[in-house]
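Undergrad: Okay, handing you the structure first.
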Amino acid sequence: MKKVVFILFFFLLSAGTYGFPEDIPEGNKFIFAQLVYQGNWDLRSQAWGEIYPLLSATTSIKAIPQRYTTTLSDPKLFSLPALWWLGDNSFVFFSNQEIEYLKRWLLNGGLLIIDDLSGKTDSLFFKAVHDQLSQTVPEAKWEKIPFDYAIYRSFYLLSEASGRRMVSKNLEGFFLDDQLLAIYSANDLLGVWGRTPLGEYIYNCIPGGENQRRQAQKLTLNLIVFALTGTYKSDVIHQPFLEIKMGR
Amino acid sequence: MIMLLILLLIISLIYLLINLPYRNLFLLRAVIYAVIIFIIFQPSCVKKEFLPNKPAVAILADISESMALEQPSRYQHVKKFLQDASFQNFIKRYPYFVYSFSEGIQPVSLSQLLNLSSMTGKTTNLASVLNETITENKEKNLSAIFLISDGANNSGEDPLLIAKKNKIPIYCFGAGGGEKQRDLSITRIETSEIAFKNVPTEVSAEIKAFGFDNQSITVNLFIKDELLASKKIKISSGKTEKVNFQFTPQSLGKFVYRVVIPDYPGELSVKNNQTAFLINVLRQKVRLLYLCGQPSWEYKFLRRLFKGDPRIEFVSFIILRNPDNISFVPENQLSLIPFPAAEIFTKQISNFDILFFENFSYERFFPSNYLDNVKKFVENGGGFIMLGGENSFGRGGYKGTAVEEIMPVVLEGRQEKIDPARFRVQIAESEHPLLALADSGEESRKLWENMPELEGINCFGQAKKEAAVLASHPWIKNKNGYLPVIVAGQYKKGRVLTIASDTTWRWALNASPYQRFWQQTISWLLGSATGKQIDILLPQEKILPGQEIRGKVNIFDQYYRPLSEATVKIFVVTPRGEKMPLEIFPEEDRYEFSYTAKEEGKYSFIASAWKNKRYLGEDNDSIYLSYPSGEQENPEFNQDLLIKLAQISGGKYFPIDQIDWKEIKLNRKTSQPVQEKKITVWDSVWIYLFLIVALAGEWFWRRSKGLW
């Protein structure tokens, strides 16, 4: 009997973490949603649990503490305006229906945040993602996101991309005209968050150590703020203040 | 005639050479036949008449407005000239034709010229006057033109070219320049007829002077009686100075602006010291100010929509951090800027067209009396919209404030609940301009039935009496009925919309007509053409005082279909401020009116309409009438032009009170004028009489001889 209760307890506990409820409540709050696909999709499951308290403490953003997951063929995709896509290797390409849903979701304002966990330049994951998205929205193009783009100043002032491994100083963007459909990080961004039960970070940051970790954490928050505010920090009203802060 | 002679010759030869019985009878018959053949051919002849060779004179007297200037007036000198014995004696010797002129010629008599009391010509077009005179008198042996004028030519082609081409001597009698002349005038205004609200616009004026040396003057720009701008310039005789003004229109509509320079004693004319013109101030872009209490999906999707609309200038502030948030880095590592609440709500608010509050509570940023400026903003025509959220409506502290006063709903206070459940809105009128998602009501209703659900609703109290509940909750009720979700209202000149949820972004992500809904919302808030049920149309072409203004009024029902059988009233407000009703003529689905404006100035037309006692609204439009510039701009006596006209044409110039009549010699033309006249011979009555007598005589002769 005790065993049953114990198992039931852990089941309920994990349900909160893994988005067990079917519906996604609390309409205007930020939802951390992750894409489930036929590949290594779930390598940073603890990240949101660490991001959430810092996000809530330092910004005015109201977020839902649970992580949500969805596949591309699930209609609840259209209740999730931003989706994190994690991977480290190639994967099975999406079906026609998944491509159709993904395309519609992207063109209607959805944002993909893609985090490459491989730590390699031109990884298999990178190539697969590029090919998959180029197939989904052929009219859009991959470009380096310039350092004065709103992502680098949406909350913290940053000069370059960061992550657990410094594979590239740049983020890449998948642009349809001037609409950003997807952001690609080659640096295992969410890898800087995971902790052991004793509170130590699971992974070291290479080569910059803890300084690099702080920059990566700032970039994570910037991406979340950017997902909710778009190019707000590129508005003219902000420029004089930012110039002063950046010492120009 | 030759033919007739030949016939008669033939007959004569036959008569003489051939011995015919009854030769005389034969002769008579032959003559009759010859005359008949002659008539059949309808012969005619041309007779030339030579006319008398006396040279004729055209006398042209200038009656344009500039002839009324000076003391005594220039035209007084003209009258004196016409009454002068020397002139009378000279002119008696020749045939003459008298005309008054300004923009064209008008035949008159000398006594009419002497009795003329007012100068009415609005412009002086000497080229046209000379052309018309020469053409009119082409066949009358015109040998000279007497041009009595001040030379203040201000329209048309160069008269010197006409004078050179025609070589008819022009004797110019200059009337004017009798006193020391001086005048300041505004000769030209350059501006666009259209300006945009909150966008700097320019007006430039050209100032001309004569009789002033190095004078410093102030040039002012007014809107109605309010001074907008002032500039000091130095002006000298014979020179034109340009003055540029820049100002930023603050209100929409058609306004009369005036450029004014001071009057100086002794000026020839003070009418040209000010010029009025109309500028239509339009909205260039819709300026939308969006205040967001925290980053949200609703903001993200609305920003994406509005930033992508070239008609909208989107300005937003998001509260990224609250006082209870902490920071682990120095401020200079954050991109945060101070929220300029005081600046916006005390100074800048009137620069916007629409104000959006999403989940924004004012209490942290400014005192509640700043909200009075929001109320004033809406009173003056601004649009206001509040979206739901935990910091909106009563929860945001708006109960009992100026914002609740302008809203179409009654708020509950801080205890106002938010129901978190998802729901699909129930639409009241699918064809309402805000809610029409398709061109037909039926299609629109189906689209609404399939719209994605919203999530969460602010449960404010009730809609106010005069408000329109456009959409409500499908099952949650309060004591007043189903909870209102979308409520629209009018407050004085402005419009207000409340949406009790902040999750319309769900409509966007699901590819529903999200864009159309919000574009219609913006148009409605602006009270733009898609939101107006009554629309006046005035003619766009230039209309002069005295011409008829024909306009139309279009009336629409609440679904913006043309509406007939409405009661329409229209008034005109004249430049003097008189308000008069006009008759309306219904024509199918529009209503027409006309009005003849007599004087220069701004005329405003105000129309209002009712249908079955329900007031539909009001519209107004204006038109500015003015005479084309002319006499008052350049009233200076132009002796140079008169001298040149005389020289180039072979005539002479005389000041009007110093004429040497001996120098005026009118020459006969070397070729005599001829008048040709065509005479038809065959229809002469004598020929027919001859025929009758000849035929009768032949008959009697035969009878007498016993011949049949």
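Undergrad: How about segment B:575-601: which of its residues are open to solvent by less than 70 Å² (accessible area, probe 1.4 Å) and in contact with a strand residue (DSSP E or B) (Cβ under 6 Å, 6 or more places away or on another chain)?
TA: B:575, B:580, B:582, B:584, B:589, B:591, B:592, B:593, B:594, B:595, B:596, B:597
Undergrad: In segment B:475-493, which residues are over 20 Å from residue B:398 (Cα atoms) and surrounded by 14 or more Cβ atoms within 10 Å (Cβ to Cβ)?
TA: B:476, B:478, B:482
Undergrad: Answer yes if at least one residue in segment B:149-162 is closer than 30 Å to residue B:347 by Cβ and either free of Cβ contacts under 8 Å to residues at least 12 places away in the same chain or touching a strand residue (DSSP E or B) at 6+ places or on another chain (Cβ under 7 Å) (or both), and no otherwise.
TA: no
Undergrad: Among (1) touching a residue at least 60 places away in the same chain (Cβ under 8 Å); (2) among the hydrophobic types (A, V, I, L, M, F, W, C); (3) surrounded by fewer than 16 Cβ atoms within 10 Å (Cβ to Cβ), where does residue B:227 come up short?
TA: Every condition holds for residue B:227 apart from (1).
Undergrad: I'm checking my understanding of the structure. Among residues of segment A:199-237 that are without any contact (Cβ under 8 Å) to a residue 12 or more places away in the chain and facing chain B (nearest Cβ under 8 Å), which one is surrounded by the fewest Cβ atoms within 10 Å (Cβ to Cβ)?
TA: Among them, the one singled out is A:237.
Undergrad: If we only count strands (runs of 3 or more DSSP E) wholly inside segment B:570-659, which ones have 1 or more residues that are acidic (Asp, Glu) and modelled with pLDDT under 90?
TA: B:585-587, B:614-625
Undergrad: Taking the criterion of being of a type in the set (Gly, Ala, Ser) and assigned to a strand (DSSP E or B), would at least one residue in segment A:56-66 satisfy it?
TA: Checked against the condition, which is being of a type in the set (Gly, Ala, Ser) and assigned to a strand (DSSP E or B), segment A:56-66 yields at least one hit.
Undergrad: Can I ask one more? Can you pull out the strands (runs of 3 or more DSSP E) entirely within segment B:33-102 that have at least 2 residues that are surrounded by 15 or more Cβ atoms within 10 Å (Cβ to Cβ)?
TA: Here the list reads B:56-62, B:96-101.
Undergrad: Then there's this: Mind checking which residues of segment A:86-116 are touching a helix residue (DSSP H, G or I) at 6+ places or on another chain (Cβ under 9 Å) and assigned to a loop (DSSP other than H, G, I, E, B)?
TA: Selection gives A:88, A:89, A:90, A:91, A:93, A:94, A:108, A:109, A:110.
Undergrad: A further question follows. Every residue in segment B:183-197 that is more than 18 Å from residue B:275 (Cα to Cα) and either β-branched (Val, Ile, Thr) or open to solvent by less than 40 Å² (accessible area, probe 1.4 Å) (or both), please.
TA: Listed by number, the residues that qualify are B:195, B:197.
Undergrad: Related question: Pick from A:95, A:154: which is hydroxyl-bearing (Ser, Thr, Tyr) and open to solvent by 30 Å² or more (accessible area, probe 1.4 Å)?
TA: None of the other options fit; the residue is A:95.
Undergrad: Quick check on my filter: what residues within segment A:117-152 are part of a loop (DSSP other than H, G, I, E, B), under 18 Å from the mean Cα position of the chain (by Cα), over 25 Å from residue A:98 (Cβ atoms) and not small (Gly, Ala, Ser)?
TA: If the condition is that a residue be part of a loop (DSSP other than H, G, I, E, B), under 18 Å from the mean Cα position of the chain (by Cα), over 25 Å from residue A:98 (Cβ atoms) and not small (Gly, Ala, Ser), then A:145, A:149 are the ones that fit.
Undergrad: Go through (1) open to solvent by 40 Å² or more (accessible area, probe 1.4 Å); (2) more than 14 Å from chain B (Cβ to nearest Cβ); (3) among the hydrophobic types (A, V, I, L, M, F, W, C) for residue A:147 and report which single condition fails.
TA: Unmet condition: (2).
Undergrad: Considering B:335, B:361, which residue is buried (at least 21 other Cβ atoms within 10 Å of the Cβ) and either touching a residue at least 24 places away in the same chain (Cβ under 8 Å) or not aromatic (Phe, Trp, Tyr) (or both)?
TA: B:335
Undergrad: Suppose we filter B:264, B:257 for residues that are outside any helix (DSSP H, G or I), hydroxyl-bearing (Ser, Thr, Tyr), farther than 30 Å from residue B:502 by Cβ and at pLDDT 90 or above; which single one remains?
TA: None of the other options fit; the residue is B:257.
Undergrad: Could you say whether any residue in segment B:612-620 is within 30 Å of residue B:209 (Cα to Cα) and aliphatic (A, V, I, L, M)?
TA: Looking for residues that are within 30 Å of residue B:209 (Cα to Cα) and aliphatic (A, V, I, L, M), one finds none in segment B:612-620, hence no.
Undergrad: Can you find a residue that is open to solvent by 10 Å² or more (accessible area, probe 1.4 Å), more than 11 Å from chain A (Cβ to nearest Cβ) and of a type in the set (Gly, Ala, Ser) anywhere in segment B:315-328?
TA: No, that holds for no residue.
Undergrad: With (1) within 30 Å of residue A:80 (Cα to Cα); (2) charged (D, E, K, R); (3) more than 9 Å from every other protein chain (Cβ to nearest Cβ); (4) open to solvent by 60 Å² or more (accessible area, probe 1.4 Å) as the list, and residue B:304 as the residue in question, which single condition is left unmet?
TA: It fails just one condition, (3).
Undergrad: Looking at segment B:331-359 only, could you name the residues that are in contact with a Cys (Cβ under 9 Å, 6 or more places away or on another chain) and either assigned to a loop (DSSP other than H, G, I, E, B) or modelled with pLDDT under 90 (or both)?
TA: Of everything in segment B:331-359, just one residue is in contact with a Cys (Cβ under 9 Å, 6 or more places away or on another chain) and either assigned to a loop (DSSP other than H, G, I, E, B) or modelled with pLDDT under 90 (or both), namely B:359.
Undergrad: Let me ask something else about it. Please go through segment B:426-473 and give me each residue that is aliphatic (A, V, I, L, M), part of a loop (DSSP other than H, G, I, E, B) and within 14 Å of chain A (Cβ to nearest Cβ), ordered by number.
TA: B:451
The values are calculated or read from the model by the stated rules, or taken from the named source; none is laboratory data. Keep in mind that what you see is a predicted model, and the values were worked out from it rather than measured. FYI the Cβ positions are ideal-geometry reconstructions off the backbone, even for glycines, and counts take in every protein chain you see. Keep in mind that these areas ignore ligands, DNA and RNA; they rest on the heavy atoms of the full protein, side chains included. Shrake-Rupley method; radii C 1.70, N 1.55, O 1.52, S 1.80 Å.
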